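In what follows, a single structure is set out as structure tokens and then discussed.
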Amino acid sequence: MELARRVTTKPIEDRKRLTEEHGKGKDWEGKPASLASLSGCMHAHIVLIRSLLVLCDVLCTLQNDFLQWMLDVGEPADTTTEALTKQLVRLNFAAIHTTALVGEQNLIPYTG
């Protein structure tokens, strides 16, 4: 969780600052508007870590993203940096997990 915290703190704090400056729920130029899909356990952990590292850049460039959606409609307790980091990690885990399962299920018929 420490890696996730280090990677996501700056983008979350930047987005929170912009949301406070422009007003919660208000539109502004360049504002992400809505929720979007983001997309051996050792391999899954490596993929998760890579996703978290990429997340730092992605959070500030997506036109539709989970972070802005939570900042606009989330309760104050859900919009702390710690809470948002945990939610982003869970969302990334679910996206990676379901993608891996679909890939595995598609490969099973070919394994003989």
(message) Suppose each label sits 7 Å from its Cα in the direction of the beta carbon; what would the H97-K31 distance come out to in nanometres?
(response) 3.3 nm
(request) Would you calculate the separation in nanometres between label points at T111 and E21, each defined as 7 Å from the Cα along the Cα-to-beta-carbon direction? (result) 5.1 nm
(request) Based on the mean of other Cβ atoms within 10 Å per residue, sort peptides 68-76, 95-103, 7-15 so the most packed one is first. (result) 7-15, 68-76, 95-103
(request) Pop a pseudo-label 7 angstrom from the Cα along the beta-carbon direction at both E104 and R90 and give the gap in nm to one decimal. (result) 2.2 nm
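FYI, it's all coordinate maths here, none of it is from the lab. It should be emphasised that the depicted structure is a prediction, and the values quoted were computed from it without experimental measurement. Cβ coordinates were reconstructed from backbone atoms using ideal geometry, including for glycine residues, and neighbour counts include every protein chain displayed.
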